[in-house]
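The values are calculated or read from the model by the stated rules, or taken from the named source; none is laboratory data. Since we're looking at a predicted model, the values are computed, not measured. We place every Cβ from the backbone using ideal geometry, glycine too, and count neighbours over all the protein chains shown. Heads up: the accessible areas ignore ligands, DNA and RNA and are worked out on the full protein's heavy atoms, side chains in. Shrake-Rupley method; radii C 1.70, N 1.55, O 1.52, S 1.80 Å.
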Amino acid sequence: MKINRLLTVTGSLFLVSILMMSQTKPAQNTLKASIERGKKVYADRCLTCHQLDGGGVQNMNPPLTKTKWVLGDKAQLIQIVLNGLNTGVTIDDVEYHNVMASHKDLTDLQIADVLTYVRNSFGNKAKAITEAEVKAVRAKMK
Amino acid sequence: MSHLFSKSFYSILALCTLSLVACANNTSEDSTKKSETNPDDVTLTLPSGFKAVVFAENLGGTRHLTVNANGDVYVKLSRLKNGKGIYRLRDTNGDGKAEDISGFGNFGGTGIAIKNGYLYASSDEEVFRFKLDANNNIVNPDKPEKVVTGLLSRHEHEAKAIALDNNGNLYVNIGAYSNACQVDDRQKGSPGMKPCPILDSAGGIWQFKADKLNQTYGDGTRYATGLRNVVGLDWNTSTNTLFVMQHGRDQLHDLFPDMYDTKQSAELPAECMYELHKGSNCGWPYIYYDQLQHKKILAPEFGGDGKKTGGEDAQDPVVAFPGHLAPNGLLFYTGNQFPEKYKNGAFVVFHGSWNRAPEPQEGYYVVFVPFKDGKPSGNWEVFADGFSGGPDFTASGRAKHRPCGIAQAPDGSIYVSDDAKGTIWKISYGK
């Protein structure tokens with residue numbers, strides 16, 4: 001009985017996901033392109049400190065892997081890239097205190113791309129960040 | 001037939017059960033063995049005749065350390081562990097391992113040193129001292145005296161490494177809270193500030209009185225300037241001068257991709273050893289030392305292009321090592337245990353790089369520089385390696401251990417600390 005129900009549930013989930021996949025195909029392409037572009041921005045601006053694997057540097061540069069800073073509030077994450085950060089952060093009881101420069105000279109699209117890349121790399125899986133979202137945060141800061 | 005079947009069935013069952021039990025026994029033996037072995041164990045490689053033993057482990061972020069005349073090791077923790085910022089490690093039975101470990105001190109930090117019956121230790125803003133009694137115990141572990149207070153600590157190069165001379169002076173590193181003194185730190189396109197205002201209160205070594213309490217900037221002297229950040233430093237008793245290891249600037253490629261490729265940025269600038277005198281200027285932020293061109297090069301934030309020289313008023317390094325290796329410990333060896341070539345030479349502990357990405361990282365070792373008549377008398381060589389766990393761990397920067405502090409014991413052995421896992425090794429010769 002239970003197994004039957006489980007099968008039914010799994011089956012419907014499968015169907016739903018197939019339906020969703022077919023519907024979001026263009027969006028996925030956009031996502032893929034954004035991640036590709038973001039990877040280049042990451043190499044230019046982020047890699048030295050946050051490292052190839054996104055794992056950061058002990059006590060200095062925070063990891064970008066599975067932390068609420070990366071996966072949580074989008075506006076806060078966008079703000080950090082725009083403003084930089086010089087107050088230090090504590091993640092899993094470890095303090096990271098190196099100074100992060102502001103990257104406000106990047107375009108809205110570049111910031112959206114690099115954050116989308118980070119949110120979908122190093123074991124992360126989170127929604128893309130759009131150019132419009134970056135634009136909105138930047139406008140509020142002015 | 002059925003009787004026979006059931007008989008053999010039961011025998012097989014019994015055999016199975018036995019082997020299962022045996023297996024289970026084996027498993028539990030194995031797991032006991034494994035739990036006794038630290039999965040992060042590494043084997044250090046050393047020159048022939050030397051051996052390393054783990055003196056203590058899993059202590060936390062163990063930074064600098066010092067050894068008292070009776071052999072007690074005191075080690076400073078970067079941040080509090082179980083409310084304690086300093087550990088005393090005592091080998092009570094002479095087996096080369098610390099059995100008696102006790103903690104005190106309610107501040108995290110880096111610096112620690114023993115002089116004239118006091119244990120000095122620093123937080124990122126202050127220097128404290130604890131009195132030692134005739135039996136080599138801390139008199140009042142909960143109430144240290146405050147020797148220096150109010151030093152700048154601004155999220156970058158905040159460690160206040162310390163050294164003492166034999167003339168009643170205390171030397172404190174006050175690292176620059178900046179990479180290259182740009183208007184906006186580490187921001188691409190932001191120009192360098194000339195004169196660099198940071199140098200008034202940081203980016204150098206300050207000298208204080210070792211026995212005067214509650215000193216701050218006004219009581220001290222800026223002993224040497226133009227030093228971006230110093231973690232490894234030692235008073236050299238054969239020259240009677242202070243030697244320091246500077247952490248060179250970061251991010252030449254990130255900030256100036258048109259002038260430096262990632263390979264040059266990984267290799268440059270040199271990590272420099274300087275011999276200081278009162279009034280020394282080592283040139284930061286205006287210049288850096290290029291160990292490949294053997295020149296002081298004008299920093300790109302101040303009009304440099306990777307070739308123009310500068311810093312005519314700045315002194316040259318005593319030794320120039322490859323870039324970004326992060327020298328966190330320095331010791332001039334005065335013991336009698338090691339072979340003659342080590343006498344008065346310098347051990348430098350390289351914490352290991354991070355600023356070489358995307359190129360492979362490097363470091364995580366202790367090197368030795370032979371000295372004669374107070375000057376280097378040969379090339380430096382790697383003395384102790386293997387802290388990272390192997391070449392892959394070194395290249396990725398995901399080192400298992402990151403060597404940090406170094407201290408000499410009364411018997412001439414040396415201790416090396418690791419601030420990633422909190423392992424302390426004792427390295428000895430010929431025993």
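Sequence-distant contacts, meaning Cα pairs under 8 Å at least 6 residues apart, place the relative contact order of segment B:236-357 at 26 percent. Spatially, segment A:72-98 and segment B:377-427 are offset by 31 Å when compared through their Cα centroids. Net charge dipole, the protein assembly as shown: roughly 1500 debye, given to the nearest 20, about the Cα centre with Cβ charges of +1 for Lys and Arg and -1 for Asp and Glu. For segment A:30-141, the residue among A:V134, A:G123, A:T87 whose Cα projects farthest onto the positive side of the dipole built from Cβ charges is A:V134. To the nearest ten degrees, helix B:2-36 and the longest principal axis of the Cα atoms of chain B are 20 degrees apart. Please give every one of the lysines within straight-line cross-link reach of B:K295, meaning a C-alpha to C-alpha distance under 17 Å, and leave out same-chain neighbours fewer than 8 residues apart. Once the sequence-local lysines are set aside, what remains near B:K295 is B:K307, B:K308. Summary value for segment A:30-141: 31 percent relative contact order, contacts being C-alpha pairs under 8 angstrom separated by 6+ residues. Shape class of the protein assembly as shown from the Cα gyration tensor (axes a ≥ b ≥ c, square roots of the eigenvalues): oblate, since a/c reaches 1.5 or more and a/b does not exceed b/c. Need one word for segment A:40-79: rounded, prolate or oblate. Basis is the Cα gyration tensor (sqrt eigenvalues a ≥ b ≥ c); a/c below 1.5 gives rounded, then a/b vs b/c decides. It comes out oblate by the Cα gyration axes. Listed here are the pairs B:K84/B:K209; B:K84/B:K146; B:K146/B:K426; which of them are more than 25 Å apart at the Cα? B:K84/B:K209; B:K146/B:K426, as the Cα separations exceed 25 Å there. Among the protein heavy atoms of segment B:209-253, carbon and sulfur supply 42% of the accessible surface, probe 1.4 Å, non-protein parts ignored. Residue by residue along A:93-104, Cβ atoms of other protein chains within 10 Å of the local Cβ number 5 on average.
Once Rg and the Kirkwood radius are both taken over the C-alpha atoms of chain B, their ratio Rg/Rh works out to 1.09. Simple spin-label estimate for A:Q76 and B:D211 gives 5.3 nm between the two label positions (7 Å along the Cα-to-Cβ direction from each Cα). Once C-alpha pairs closer than 8 Å and six or more residues apart are averaged by separation and normalised to the residue number of chain B, the relative contact order reads 15 percent. Pairing chains B and A buries close to 2000 square angstrom of accessible surface in total, based on protein heavy atoms and a 1.4 angstrom probe. Simple point charges give the picture: +1 on the Cβ of Lys and Arg, -1 on the Cβ of Asp and Glu, and for segment A:30-141 a dipole about the Cα centre of about 380 debye.
Across the options B:P410, B:T45, B:Y223, the greatest Cα extent toward the positive end of the charge dipole of the protein assembly as shown (unit charges at beta carbon of Lys, Arg, Asp, Glu) belongs to B:T45. Spread over its residues, the convex hull of the C-alpha atoms of segment A:30-141 is 91 Å³ per residue. Structure note, pairs B:K76/B:K160; B:K81/B:K421; B:K76/B:K131; A:K68/B:K421; A:K40/B:K263: Cα-Cα distances above 23 angstrom occur for A:K68/B:K421.
Counting Cβ atoms of other protein chains within 10 Å of each Cβ in B:253-264 and taking the mean gives 1. In a reduced charge model with +1 at each Lys and Arg Cβ and -1 at each Asp and Glu Cβ, segment B:7-429 shows a dipole moment near 460 debye about its Cα centre.
Per-residue shielding of B:183-192, expressed as the average number of other chain Cβ atoms within 10 Å of the residue Cβ, stands at 4.
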